[in-house]
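Remarks on the structure that follows.
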Amino acid sequence: MKKITLCLILLVGTSYSINAQKINLGKAAGIVSNGAKALTFTNGDAIKLSKESVDWMDKNNPVAGPKDPYTVRLNKLFGKHKSQDGLNLNYKVYKVKDINAFACADGSVRVFSSLMDIMTDNELLAVIGHEIGHVKNQDTKDAMKSAYMKAAALDAASSASSTVAALNDSQVGKMANAFLDASHSKKQESEADTYSYDFMKANKYDVVGAYTAFKKLALLSQGSTQTGFEKMFNSHPDSEKRAQAIKKRAEKDGLWKDPGTVSLPASKLTK
Ligand SMILES: [Zn+2]
């Protein structure tokens with residue numbers, strides 16, 4: 001078991017078994033140094049390093065092929081949002097057991113197949129909207145900077161360089177993993193939720209999907225075993241709160257339709 005907190009809607013403070021490829025960072029992680037202050041880190045740097053990190057993760061995780069049902073499904077949902085809001089987005093499915101998704105500054109969005117197994121299309125759209133929100137809000141810049149610092153093992157002693165240096169392959173791996181371990185602030189999560197709600201509304205998707213997605217995550221966090229899905233989440237008190245925030249907005253907008261009791265699916269969802 002390894003703890004990951006990351007940009008997904010689902011993942012703040014969750015803990016679950018890891019099947020996505022990760023490497024042990026050991027002592028390299030956790031360095032916060034004077035070097036950080038000296039380093040000039042631009043949006044361009046964040047984009048470039050994000051791309052390197054995602055390329056590394058794509059190489060080290062089982063990516064669903066173009067004809068894979070997961071890819072076909074994601075294409076159907078995401079295809080029309082490739083150029084959403086002035087962003088140039090690309091997306092892929094990792095066929096792994098983790099329930100997760102993430103977005104990077106370069107516009108890469110990765111959705112994990114186990115997340116798709118428990119979410120309806122409408123709920124996935126809410127997740128996608130949330131991830132686009134993180135890209136749009138440039139939330140991953142700080143996470144990328146910190147991941148870079150860790151990977152390059154920058155500290156006060158090596159702070160002579162004030163610009164981002166090229167990393168070797170193993171450093172890129174470290175950076176990718178440090179990035180995956182990074183978490184967004186509550187404020188960033190809440191803003192991405194708002195973005196997602198607006199995205200759903202503007203595209204005339206059912207905003208209740210954002211609510212039910214969080215309700216499912218809340219169920220997972222309660223360790224529900226009703227479905228036979230692996231118990232993957234520990235306590236995640238935010239999901240319920242975030243679901244209620246969405247409900248409130250939907251009610252205010254006259255878009256609320258009571259979905260009834262939300263439960264986790266008994267078998268894998270395909271739409
Ligand atoms: Zn998020």
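The values are calculated or read from the model by the stated rules, or taken from the named source; none is laboratory data. Just so it is clear, the structure is predicted and the values come from calculations on it, not from any experiment. Every residue, glycine as well, gets a Cβ built from its backbone with ideal geometry; the counts of neighbours run over all protein chains shown. The area values use the complete protein model at the heavy-atom level, side chains included, leaving out ligands, DNA and RNA. Shrake-Rupley method; radii C 1.70, N 1.55, O 1.52, S 1.80 Å.
General remarks:
- Between the beta carbons of residue 88 and residue 169, assuming R0 = 30 Å, the FRET efficiency works out to 0.70 to the nearest 0.05.
- Solvent accessible area, Å² - residue 212, 1.4 Å probe, full protein context: 20
- Cβ-Cβ FRET estimate between residue 40 and residue 262, R0 fixed at 51 Å, reported to 0.05: 0.65
- Full extension of the chain between residue 68 and residue 142 yields a length gain of 23.2 nm, computed as 0.36 nm times the residue separation minus the alpha carbon distance.
- Under Karplus coefficients 6.51, -1.76 and 1.60, residue-wise ³J(HN,Hα) of region 251-260 in Hz, glycine/proline x: 5, 4, 7, x, 9, 7, 10, 4, x, x
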